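Please read the structure below before turning to the comments.
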Amino acid sequence: MTAVVEHIRGKTFHQRRGRVAHKLAHTVDYVLFDAEAQELKAPGWFGRVPGKPMAVLDSDHGGPKGQGRGAAWVREVLKARDLFAIRGKIELMTLPRVLGHEFNPVSFWLCHDTEDQLRAVIAEVNNTFGDRHCYLCCHPDQRPIEPSDILTATKILHVSPFLPIAGGYRFRFDIRPDKVGIWIDYSADAEEGLYATLTGPRRPLSRWSMLKSALRRPFGSRRVLVLIHWHALVLFLKGAKYRARPEPPAEELS
């Protein structure tokens, strides 16, 4: 089975609510592919093994950070949660490694049924302290996830040091053949929170698209990490309250 690796030139937008307001908007480069495909149709610069200029490794995803097992871990999660309606393909949408460097604020496992309907999404969230937690988003009755559906999860992982571990997330997913849209609304309380979006078209990954991304947004995940720390500095200078990192959650998924 051969699957096309897709390039999502995404736009991400964050808006912080509360006493200290802040907005940011950037473009990012995600890839999306069938994580269980035996072969991938992609330029030679991309691969699933170390040493490629752009790569996605199983060890980076699915399970503890650095000890991932890829889609095999996802299948185990679905079985353990009795999500038997999800027997179709499992796609991974993530920031790829670029020149060996890996960092993903959030990746998404897109889980489908045999009719290619989206039934569950696992949001794989990482912070800059090296911690990871995954949030399973699905309906209790396992019905397909529609673009207007709101799926909720209690926040467990400390992500931004300028926001508390309290409250919860409201997720919305609009995954289409030609584009993706993901909206996350985090509320700590009635006033404080964060609204984040990730949207973009789906196109086959090509040498030309990889080259344009390298020129316009060089260094891939290194650039993302620099931008995160830059906006953290801006928030600190604006007077946002800094919260020390607590112990990470013992469980890997909720």
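What to note about this one:
- Scanning the range 69-103 for residues that are within 26 Å of HIS139 (Cβ to Cβ), open to solvent by less than 60 Å² (accessible area, probe 1.4 Å) and not aromatic (Phe, Trp, Tyr) yields a total of 15.
- Residues in the range 119-152 that are open to solvent by 20 Å² or more (accessible area, probe 1.4 Å), assigned to a strand (DSSP E or B) and over 19 Å from VAL56 (Cβ atoms): ARG119, LEU136, CYS138, THR152.
- HIS26 vs. criteria in contact with a helix residue (DSSP H, G or I) (Cβ under 7 Å, 6 or more places away or on another chain), surrounded by fewer than 16 Cβ atoms within 10 Å (Cβ to Cβ) and at pLDDT 90 or above: yes
- Residue in the range 237-251 that is within 21 Å of the chain's Cα centre (by Cα) and at positive phi present: no
- Options PRO50, PRO43; residue that is assigned to a loop (DSSP other than H, G, I, E, B), touching a Lys or Arg at 6+ places or on another chain (Cβ under 9 Å), in contact (Cβ under 8 Å) with a residue 40 or more places away in the chain and surrounded by fewer than 18 Cβ atoms within 10 Å (Cβ to Cβ): PRO50
- Pick from the range 64-103, criterion part of a loop (DSSP other than H, G, I, E, B) and in contact with a His (Cβ under 8 Å, 6 or more places away or on another chain), ranking: nearest to LEU225 (Cα to Cα): GLY68
- In the range 192-213, the residues that are touching a residue at least 12 places away in the same chain (Cβ under 8 Å) and surrounded by fewer than 18 Cβ atoms within 10 Å (Cβ to Cβ): TYR195, THR197, THR199, PRO201, ARG203, PRO204, SER206, ARG207, SER209
- Cβ pairs under 7 Å, 6+ apart, first in the range 137-157 and closer than 20 Å to GLU115 by Cβ, second surrounded by fewer than 18 Cβ atoms within 10 Å (Cβ to Cβ) and of a type in the set (S, T, N, Q): PRO144/GLN117
- Each residue in the range 215-241 was checked for being assigned to a loop (DSSP other than H, G, I, E, B) and open to solvent by 60 Å² or more (accessible area, probe 1.4 Å), and 2 of them qualify.
- Unmet criterion (only one of (1) under 23 Å from ASP131 (Cβ atoms); (2) acidic (Asp, Glu); (3) touching an Asp or Glu at 6+ places or on another chain (Cβ under 6 Å)) for ASP58: (3)
The values are calculated or read from the model by the stated rules, or taken from the named source; none is laboratory data. These figures come from a predicted structure and were not determined experimentally. Neighbour counts run over all protein chains shown; Cβ positions are idealised from the backbone, glycine included. To get the accessible areas, we keep the full protein, side chains included, count just its heavy atoms, and leave off ligands, DNA and RNA. Shrake-Rupley method; radii C 1.70, N 1.55, O 1.52, S 1.80 Å.
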